[in-house]
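Participant: Take a look at the following structure, please.
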Amino acid sequence: MDVADLVLEVTDHTEPTVTRLKLVELWKQRAPDLLETEPGKVTTDRQIGHYASQVLRKTLRHLENLALIERVADKHGERVTVTDRHRLAELRRRWDDKHFERYDLGI
């Protein structure tokens, strides 16, 4: 869900598109700790690519399959466009609800 957070953060209703290059750069800044996870260590040991890049690629593919984003590559470069911002934010909220207890703060 960190990828969904990043996509939601760098896009908005007026500018729903981000270049893949910028997305990859921001993702690598945020995800250095992924190398310390068990899958990250296995990936590094096997030298089968950069684990953070694999996580980004697979998550973007999943979000695209859910019709939440669209990935486009043309003569202007590669871009990621949020096609359903409301559902993407809802998916992120449901993930939080499932993985973290919500505390009643009395607000």
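Read the figures in this text as sums done on the coordinates, not as results from a lab. A quick note: this is a predicted structure, and the numbers were derived from the prediction, not measured. Please note: Cβ atoms are built from the backbone with ideal geometry, for glycine as well, and neighbour counts cover all protein chains shown.
Participant: Ordered by packing density, taken as the mean number of other Cβ atoms within 10 Å over each peptide's residues, highest first, how do 69-77, 15-23 rank?
Facilitator: Descending packing order for the listed peptides: 15-23, 69-77.
Participant: Quick one: which residues, 5+ away or cross-chain, put their amide H under 5 Å from the amide H of THR83? H built at 1.01 Å from N.
Facilitator: ILE69, GLU70
Participant: Among 53-64, 88-99, what's the highest-first ranking by average C-beta atoms within 10 angstrom per residue?
Facilitator: In decreasing order of mean packing, 53-64, 88-99 become 53-64, 88-99.
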